[in-house]
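The block underneath contains the structure these notes are about, expressed in structure tokens.
The values are calculated or read from the model by the stated rules, or taken from the named source; none is laboratory data. Please read these numbers as outputs of a predicted model, since none were measured by experiment. Ideal geometry is used to build each Cβ from the backbone, glycine not excepted, and the neighbour counts take in all protein chains shown.
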Amino acid sequence: MAFISLEPELRAKSFTGVENKFITKYMPVLDPVAVKVYIYGLYLSSASSAFTLSDLAAGLKITEEQAMNCFEYLDEFELVKITCRAPFEVTYLEAENISGTPKKYKPEKYADFARSVQAIIKGRMISPNEYREYFYLMEEYGFEQSALLMIVNYCVNMKGDDIRVQYIKKVAKSFAADGATTAKKVDEKLAQFTSSTPALLKIFAAAAIVRRPGIDDDRLYKKWTGELGFSDDAIAAAAKYFRAKTVEKIDESLEELFRNKKFDIKEIEYYCKAKNSLRTATAEIARLLGVYMQNSAPYIENYTGAWCDMGYSTDSLKKLASYCFTHDRKSFEAMDDFVKKLCEKGIIDDKSVNSYIDMINAEDDFIKRMLKKCSLTRRIIPSDRETLARWRSWNFSDEMILKAAELSAGKNNPVAYMNGVLSSWKSEGISDPADIGSGVHASSSRGEKTVDRSVIERHYASLRQIAEDKAEKTLERALADKIYGALHKEINSLNIKLAFAESRADGTEKQISEKIAAAERSADERLAQLGINRDDFTPHYSCRICGDTGYDVNGNPCRCLKKFIADYRNS
């Protein structure tokens, strides 16, 4: 029986053909990864012409650079021919040799080079495959033997005798890309790099990097000092203050400083300290708000950093965070709305923030007393503060307001009833508790039918409730639609971004405004499809003068109230 046989089902399947000469002569001496690349490349060539180098690399779970190196390796054996490098293209060749180990390069041509390179790499024996790599560099890239020996010597000095040939190839190719393939040009390039070594060593010391600088480090150094414009001392300062432990981290920190236009050592120091302080402050604000924060970066960028750009100190922000938590604003988004309102009022510096918070706390204490007098146990809502501000604008003292609260206790809507009582006192010129009569009702001296205040209050409360319920249901119906709901959320998000952009003046305001306008147009189109008018989201009160309260902005009885009283008396 044969050593290997195939099942009938397997014989019927499709196959990728591989020359027997490849299996018997080449495969035993080739690098294993190169064998995989060769066979997979044959498969792709028969499967489709649309496959690329990246497809092959992805299929074998290797990098494109590794795949390219393998094809270059196979090219040395004349198994393939690289016909183009951009885009990378390969042509498979017939295995010509009949017997023996295939070789492309004649050893005697590079005998002196082989002895010299082995003398440089003293710690190990150089394999035939590694020699082929060097021969390939000289044949393909046109390196002079002495030039390539200088590169090998440089790499060994950098990495030691155990250096891998892949690193030497990478460095050699970078030299070739700069046109340095002769001994003279390689010497000039190495001299340029050597001149930057002392500066790089100083930077490495600041970053606690213990290795010696390499050719890639030199390239980055030229970017930092040339393209970005940083001095050596500034680079070392960035490495120190950013606590960068790798050249990649140093590069990231310098890119960040460049974007923020921080080049001087003092500027870098202040920027880093402020950044660290901001990170600490953001964590404290999150704690005060009761927010779990896994990564502070987005919160700093979208909230804390923007607030500080407005002029708020971290101490003020912590105080505002405590206030927000106790007033049910337990998120960065809710606190952001509050901070923006304060900024619009010009309440920014520590003194004004402290005064405002003290005033609000004192006002809240009074509102709690007022609600208690009204026999209400609910929490304070924003409209309570607006209503109190209106009453005080009518020149009523706290004593008069509390007296009105006592009279409203037990009513269906005590706050609305208080509004009517105080408005009546205002029209009658009553400003002292001693002048308050025993009855609070609308009546006539001619014995006409009296109108109890509770009747008026119920009438207007009913009107307001009808209008507000209708508007709320219309909004709920619109938001229930997935398309409009998504657009509504997008518009809110864009408005927040616009506020940040305007506070920073970063030049993106116009672009964001255009996005908002486009989203609003799409939202209006969707509402039209749903048969909804956006104006219906706002309550349409039956009386536009008083907003169904019975009293105008000055506290005087509205004409609709006078008509209601007259109609009531005649009913």
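Report, by residue number, each residue of the stretch 46-87 that is in contact (Cβ under 8 Å) with a residue 60 or more places away in the chain and not polar (S, T, N, Q).
Within the stretch 46-87, the subset in contact (Cβ under 8 Å) with a residue 60 or more places away in the chain is 69, 72-73, 75-76.
Matches in the stretch 46-87: Glu72, Tyr73, Asp75, Glu76.
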Can you find even one residue in the stretch 502-524 that is in a helix (DSSP H, G or I), closer than 30 Å to Leu388 by Cα and not polar (S, T, N, Q)? no
Checklist (1) exposed (fewer than 14 other Cβ atoms within 10 Å of the Cβ); (2) under 29 Å from Arg464 (Cβ atoms); (3) among the acidic types (Asp, Glu) applied to Glu514, failing item: (2)
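Scan Asp315, Asp251, Asp309 and give me the residue that is touching a Lys or Arg at 6+ places or on another chain (Cβ under 9 Å), in a helix (DSSP H, G or I) and farther than 25 Å from Asn495 by Cα.
Values: Asp315 fails: touching a Lys or Arg at 6+ places or on another chain (Cβ under 9 Å); Asp309 fails: farther than 25 Å from Asn495 by Cα.
Step by step, each of Asp315, Asp251, Asp309 is checked, and only Asp251 is touching a Lys or Arg at 6+ places or on another chain (Cβ under 9 Å), in a helix (DSSP H, G or I) and farther than 25 Å from Asn495 by Cα.
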If Tyr43 passes every condition in (1) more than 27 Å from Ser174 (Cα to Cα); (2) among the aromatic types (Phe, Trp, Tyr); (3) in contact (Cβ under 8 Å) with a residue 40 or more places away in the chain but one, which one does it miss? (3)
Take the residues in the stretch 154-181 that are farther than 24 Å from Asn129 by Cα and over 38 Å from the mean Cα position of the chain (by Cα), then tell me which one is surrounded by the most Cβ atoms within 10 Å (Cβ to Cβ). Ala180
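In the set Arg212, Arg219, which member is surrounded by fewer than 20 Cβ atoms within 10 Å (Cβ to Cβ) and either in contact with a helix residue (DSSP H, G or I) (Cβ under 7 Å, 6 or more places away or on another chain) or among the aromatic types (Phe, Trp, Tyr) (or both)?
Details: Arg219 fails: either in contact with a helix residue (DSSP H, G or I) (Cβ under 7 Å, 6 or more places away or on another chain) or among the aromatic types (Phe, Trp, Tyr) (or both).
Answer to the check: Arg212.
State yes or no: is Glu269 more than 25 Å from Phe325 (Cα to Cα) and out of contact with any Cys (no Cβ under 8 Å at 6 or more places or on another chain)? Outline the logic, then answer.
Values: more than 25 Å from Phe325 (Cα to Cα): yes; out of contact with any Cys (no Cβ under 8 Å at 6 or more places or on another chain): yes.
It is true that Glu269 is more than 25 Å from Phe325 (Cα to Cα) and out of contact with any Cys (no Cβ under 8 Å at 6 or more places or on another chain).
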In the stretch 76-86, the residues that are surrounded by fewer than 18 Cβ atoms within 10 Å (Cβ to Cβ) and either in contact with a helix residue (DSSP H, G or I) (Cβ under 8 Å, 6 or more places away or on another chain) or modelled with pLDDT of 85 or more (or both): Lys81, Ile82
Scan of the stretch 34-57 for residues that are farther than 17 Å from Phe88 by Cβ and not small (Gly, Ala, Ser), ordered by number: Val35, Lys36, Ile39, Tyr43
Please work out if Tyr299 is in contact (Cβ under 8 Å) with a residue 12 or more places away in the chain and not in a helix (DSSP H, G or I). no
Inside the stretch 137-153, the number of residues satisfying the requirement of being part of a helix (DSSP H, G or I) and surrounded by 18 or more Cβ atoms within 10 Å (Cβ to Cβ) is 8
Taking first residues from the stretch 11-32 that are assigned to a loop (DSSP other than H, G, I, E, B) and exposed (fewer than 10 other Cβ atoms within 10 Å of the Cβ) and second residues anywhere that are at pLDDT 85 or above and not basic (Lys, Arg), the pairs with Cβ under 8 Å that are 6 or more apart or on different chains are Gly17/Leu42
Just to check your reading of the model, which residue among Val339, Val291 is part of a loop (DSSP other than H, G, I, E, B) and farther than 23 Å from Ala244 by Cβ? Val291
Considering only residues of the stretch 372-385 that are at pLDDT 85 or above and not in a loop (DSSP other than H, G, I, E, B), which is farthest from Thr326 (Cα to Cα)? Lys373
Please go through the stretch 554-566 and give me each residue that is at pLDDT 80 or above and not hydrophobic (A, V, I, L, M, F, W, C), ordered by number. Pro557, Arg559, Lys562, Lys563
Residues located in the stretch 33-66, provided they are exposed (fewer than 15 other Cβ atoms within 10 Å of the Cβ) and in contact with a Pro (Cβ under 9 Å, 6 or more places away or on another chain): Thr52
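Here is a yes/no grid of residues against (1) exposed (fewer than 15 other Cβ atoms within 10 Å of the Cβ); (2) under 30 Å from Tyr241 (Cα atoms); (3) touching a His at 6+ places or on another chain (Cβ under 7 Å):
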| position | (1), (2), (3) |
| --- | --- |
| Thr282 | no, yes, no |
| Ile285 | no, yes, no |
| Trp307 | no, yes, no |
| Ser322 | yes, no, no |
| Ile360 | yes, no, no |
| Arg369 | yes, no, no |
| Asp384 | no, no, no |
| Ala389 | yes, no, no |
Tell me which of these Ala244 doesn't satisfy, since it passes every other one: (1) part of a helix (DSSP H, G or I); (2) of a type in the set (A, V, I, L, M); (3) more than 29 Å from Arg124 (Cβ to Cβ). (1)
